[in-house]
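First up is the structure itself, then whatever we jot down about it.
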Amino acid sequence: MTATLPEGWLEFGVAAAGATAALAGLLIVAMSVNVKQILASKALMHGARSTIASLVLAIVTSLLLLIPGQSLLLLGVETLVLTLPAVGIQVQSILTQSRTASEGITPSILAFIITFAVLQYAPFLVGGILLLAGVAAGVWLLAIGVVIIVIASLVNAWVLLLEVQA
């Protein structure tokens, strides 16, 4: 018999999916209000793109927790399949931002971006691997990853909505 998701994660999945979807809507509004400034800046454009990718990861991961009878193995596979493209987008964004010092991306800001990226994606990667191994505790790491993405996305939405005007 295949190990399935432990009881009690349905409520987290519902709350997290709703919160991240609302935050994605806020981000889209922020981007539409400042679309000219965002498109004029490679750093902002790539930052917005990576934020959307991380929110998609958080939303879909939260929705996967709602699937009845979801096996740990399948959740691990799904998590890793979802995480790898988001990581790729983030790496491309970091590489672009590292070449845009003229747009105010200093080494300290770049270090902050890299740290936040690692904090966002490491829980999904490690959690996915644990789930593949049948370790139910991997779900806790997914939850931590979702929470970190919500925090990082709030910061990015703030920047895209208000700081762009400065």
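Read-outs: derived from the displayed coordinates by stated rules, not from any lab. Remember, predicted model here, so these are calculated numbers, not experimental data. Here the Cβ positions follow ideal geometry from the backbone for every residue, glycine too, while neighbour counts run over all protein chains shown.
Straightening the chain between residue 14 and residue 91 buys 24.8 nm, computed as 0.36 nm per residue apart minus the Cα-Cα spacing.
Zone of residue 135 (label point 7 Å along Cα→Cβ, backbone N under 16 Å): which residues in the range 49-72? Within reach of a label on residue 135, which here means backbone N under 16 Å from a point 7 Å along Cα→Cβ, the range 49-72 contributes 72.
Quick one: compute the contact order of the chain, relative version, from alpha carbon pairs under 8 angstrom and 6+ residues apart, as a percent. Write down the numbers at each step before the final one.
On the way: 195 pairs, mean separation 55.2, N = 166.
Value for the chain: 33 percent.
Compared with the direct C-alpha span, the chain from residue 7 to residue 119 gains 37.7 nm at full extension, assuming 0.36 nm per residue. Computed about its Cα centre, the charge dipole of the range 9-165 is approximately 320 debye, with only Lys, Arg, Asp and Glu carrying charge at their Cβ.
Can you sort 56, 81, 91 so the residue with the fewest Cβ neighbours within 10 Å comes first?
Working: 56 17, 81 11, 91 14.
The fewest-first ordering by Cβ neighbours comes to 81, 91, 56.
For the chain, what does -39500 (n - 2.57) per DSSP helix run (n ≥ 4), summed and divided by total residues, give at 222 nm, in deg cm²/dmol to the nearest 500?
-27500 deg cm²/dmol
For residue 4, the residues 5 or more places off, or on other chains, whose built amide H falls under 5 Å of its own are 72.
Potential lengthening of the chain between residue 40 and residue 21 amounts to 4.2 nm, from the contour at 0.36 nm per residue minus the alpha-carbon distance. For the range 111-125, backbone phi angles converted through the Karplus equation (6.51, -1.76, 1.60; θ = phi - 60°) give residue-by-residue couplings of 4, 4, 4, 5, 4, 4, 5, 4, 4, 6, 9, 4, x, 6, 5 Hz, Gly and Pro being listed as x. Relative to the 2.2 N^0.38 Å rule of thumb, the chain has a C-alpha radius of gyration ratio of 1.08.
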